[in-house]
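To keep things clear, I will list the structure first and then write my remarks on it.
Please treat every number below as a calculation from the coordinates, not as lab data. Every value quoted in this text rests on a predicted model; they were computed, and no experiment measured them. Don't worry about glycine lacking a Cβ; one is built from the backbone with ideal geometry, like all the others, and counts go over all protein chains shown.
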Amino acid sequence: MPRRLPTLALLAAGLWAAAHPASARAQDELLLDRVVAVVDEDPILLSDLERAISLGLVERRATESDGAFRRRALDELVAQRLRRHELDRFGFESLPVEQIERQLASVRARFASDAELDAELARLGLDRDGLRQLLAAQLATLVFVEERLGPRIFVGSEEIRRYYDDTLLPELARAGAPVPPIEQVREQIRDVLTAAKMNEEIGRWTEELRREADVIDLLDGPQRPLPPLVERLPRRPGG
């Protein structure tokens, strides 16, 4: 269900701040954040965007400017939130711990040491358990998407032959690499084509969800901080 900011909780936070001005200033500095997008009344925070970028959950392209990268990263977070809402509607069982730990290891590999990762997590307001929750939410969405869209995807023999003749052979020729018989690489080609078709289906499905949703983009708007203690309210795993 879309998340709303509870009015009573924010009112209580304001009363607490009035009674404890020094502590309130410290909380303001610690919890300064702003909404950069809203998906069906479910806010995406600047901290969500910073976490996705800093932890490499959205990969930067080679020639991408800072502004273009942040814009694309936010678009990806909006798409993830749309798909997450659909998952919440249908329900989903928890993932095996091993899958989450493999994703955690992948994030860890982007940092020089455990200490460097933990320092970055602390800067982002996370710990290892928080990172696991974030990764679990992303993984659950991916598995849900594969289960929902996978049955639509079929790769035929003619497509495999066309990819072999028109794409693989020219690439191998340019690299001066030996040419394997098609029977040897058939399943690898099938995997490549299946992944490409899956991405196309995900794109179409996400565009359909976005047309039906109420999405407000505030990334380039005025930087208005959230009220004190908003970060203490329950957050959806995965941002």
Problem set entry | Virtual spin-label span in nm between R72 and Q184, 7 Å along Cα→Cβ | 3.5 nm
Exercise. When you count, for each residue, the other Cβ atoms within 10 Å and take the mean per peptide, how do 140-146, 100-106, 77-83 rank with the highest first?
Worked result: 77-83, 140-146, 100-106
For this session: Using just the alpha carbons, could you tell me how many Å³ per residue the convex hull of the range 91-200 encloses?
Result: 173 Å³
For this session: Show the residues, 5+ positions off or on another chain, whose built amide H is closer than 5 Å to the amide H of L218.
Result: A37, V38
Exercise. Reported to two decimal places, what Rg/Rh ratio describes the range 105-163 when computed on Cα atoms with Rh from the Kirkwood expression?
Worked result: 1.27
